1. Counting other C-beta atoms within 10 Å, which of Leu416, Leu179 has the fewest, and how do the rest follow?
2. What residues qualify as long-range amide H neighbours of Arg214, i.e. H under 5 Å apart, gap of 5 or more or another chain, H built at 1.01 Å from N?
3. In deg cm²/dmol and to the nearest 500, what is the mean residue ellipticity at 222 nm of the chain if only DSSP H runs of at least 4 residues count, each as -39500 (n - 2.57), divided by the residue total?
4. Tell me which lysines have Cα within less than 25 Å of Lys3's Cα, excluding those fewer than 8 residues away on the same chain?
5. What fraction of the DSSP beta bridges in the chain is antiparallel, stated in percent and rounded to the nearest 5?
6. Using modelled amide H (1.01 Å from N, peptide plane; none on Pro or chain starts), what sits under 5 Å from the amide H of Glu28, excluding residues fewer than 5 places away?
7. Near Lys495, which aspartates and glutamates are there with a Cα under 13 Å away, not counting those fewer than 8 places off in the same chain?
8. Report, in debye and to the nearest 20, how large the dipole of the range 28-97 comes out about its Cα centre when Lys and Arg carry +1 and Asp and Glu carry -1 on their Cβ.
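No value in this document is a laboratory result; all are computed from the given coordinates. Computed from a predicted model, the values in this text were never measured in an experiment. As a convention, Cβ positions derive from the backbone with ideal geometry for all residues, glycine included, and neighbour counts pool all protein chains shown.
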Amino acid sequence: MAKPIALECRGITKTFGRVVANKNCDLEVYHGEILAILGENGSGKTTLMNMVAGIYFPDEGRIFINGEEVTIASPKDAFAYKIGMIHQHFKLVDLFSATENIILGLEEQKKYNLKVAEEKVDEICHKYGFEIDPRKKIYNMSVSEKQTVEIIKVLYRGADILILDEPTAVLTPQETQKLFAVLRRMRDDGKCIIIITHKLHEVLSLSGRVTVLRKGEYIGTVNTAETTESQLTEMMVGKKITLNIDRAEPQNVTDRLEVQHISSVDALGNTVLDDISFTARSGEILGIAGIAGSGQREMLEAIAGLHHLTGGDIYYHNPKTGQIDDLRNKTPIQIRDLGVRLSFVPEDRLGMGLVGNMDIVDNMMLRSYRKGRGMFLHRREPKDLAEHIIHDLQVVTPGASTPVRHLSGGNVQKVLVGREIAASPTVLMAAYPVRGLDVNASYTIYNLLNQQKERGTAVIFVGEDLDVLLELCDRIMVINGGRIAGIVDGRTARKDEIGLLMTKSQEKEDALHGEN
């Protein structure tokens, strides 16, 4: 017996000015099914789901819930049809408990009874296998716990159709597996689950079917069991793409950067870096793994001279002079001029390295304006560089004179990473360089990092995808709570091994050291 259709979209079109986000898109999802939605950056995945969730209203097309045509003009309408969407950026009040966040905004006939609500939350947790304390404050929670609260929030409101936007983006492998186990239980309970993701291996392990969008248009839906990563990528991109990272053996490896016992605190006096020591070598990619906020950013900024240290030393083995330079005694400009480059892609992509109101050429000149004489600046080389990056990295832009703020987030990243690589650095620190990029653009960046390695650059790569870290990096250093939890060989390490290092309790680590 065929499963009943929970949600159906027919001919959905949505435009923003001249930009067509979705064009004549179709979608069909069943009760008791997990459907994955795939597509490149800007393919219209999230926009389509935002219309189902009532955040946007379609210009054309019809939406059906359980076979009946409906009008969804607001998130309140979506909840009335038992639709709940869990976004990438959580909408929680930090000072409230899990239960208080879950019931926030509900229209109750009687006065709120927190105890009764907590009991109901416990029932939902027991039914699907969630692990959460209903009384715990949000500010004390991990990322996965906050995500759990968001999922329970929509279940508490009676959602039968759940939409999750990039749900595993900031989860460890262990947390991802726990989430998948919960989603499978929800599927078996008859829930309709839609996942927007760019991780192909997760699509193949979790979903029953996959819907692919390309440039805002519906390409097709396939059964997961009958497809492969390469076939899905070809549907997404429109041509065959090789999804292999060609990791060459390191050649002529020499120490380039020595970090010795560095420590640091934040503005509130909390320790963010605690006795960090490692060596980055030329001709090698050193991967950095860790849960978000474990000190990765502060560590790279400290090397670049942008973050104050309370202790420790950073030494640079200069290949030109043969001398060892102390980076702690140098300004960020002096460090950069030595060949140490920081290409950091934060959540606010225009917050570091690029100026949004300036065009691509002018942003190239931020690295070379001191070469001009007096009030005159050389524009020919920056313009050639901008054109080169646009062509090689396939930056989607009307031209090199387009202000950077008019580019999509993924194209901003291409400009930033391309500019830093073009400077021929001896040390290249790339933090989250593929965050938000589609699979085609991501592999372009991976190949660029490999090219730098083969040229003798010491590459430090901070990534979120452990599969990529294992495939790309020669060594992987795991940071946990501002301390190094371990350094492993990228060729022999296992994903679960790295995941354990990312999440193991610091108290256990201290106790272990105390016993030895």
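1. Details: Leu416 23, Leu179 20.
Ranked by crowding around the Cβ, least crowded first: Leu179, Leu416.
2. Hits under the 5 Å cutoff: Ile219.
3. On the way: 17 runs with 171 residues, N = 516.
Taken over the chain, the calculation gives -9500 deg cm²/dmol.
4. The reachable lysines, counting only those whose Cα sits under 25 Å from Lys3, are Lys45, Lys82, Lys127, Lys191.
5. Values: 46 of 84 bridges.
The antiparallel proportion sits near 55 percent.
6. Cys9
7. Glu175, Glu464, Asp465, Asp467, Glu471
8. On the way: 5 positive and 9 negative charges, 50 e Å.
That gives a dipole near 240 debye.
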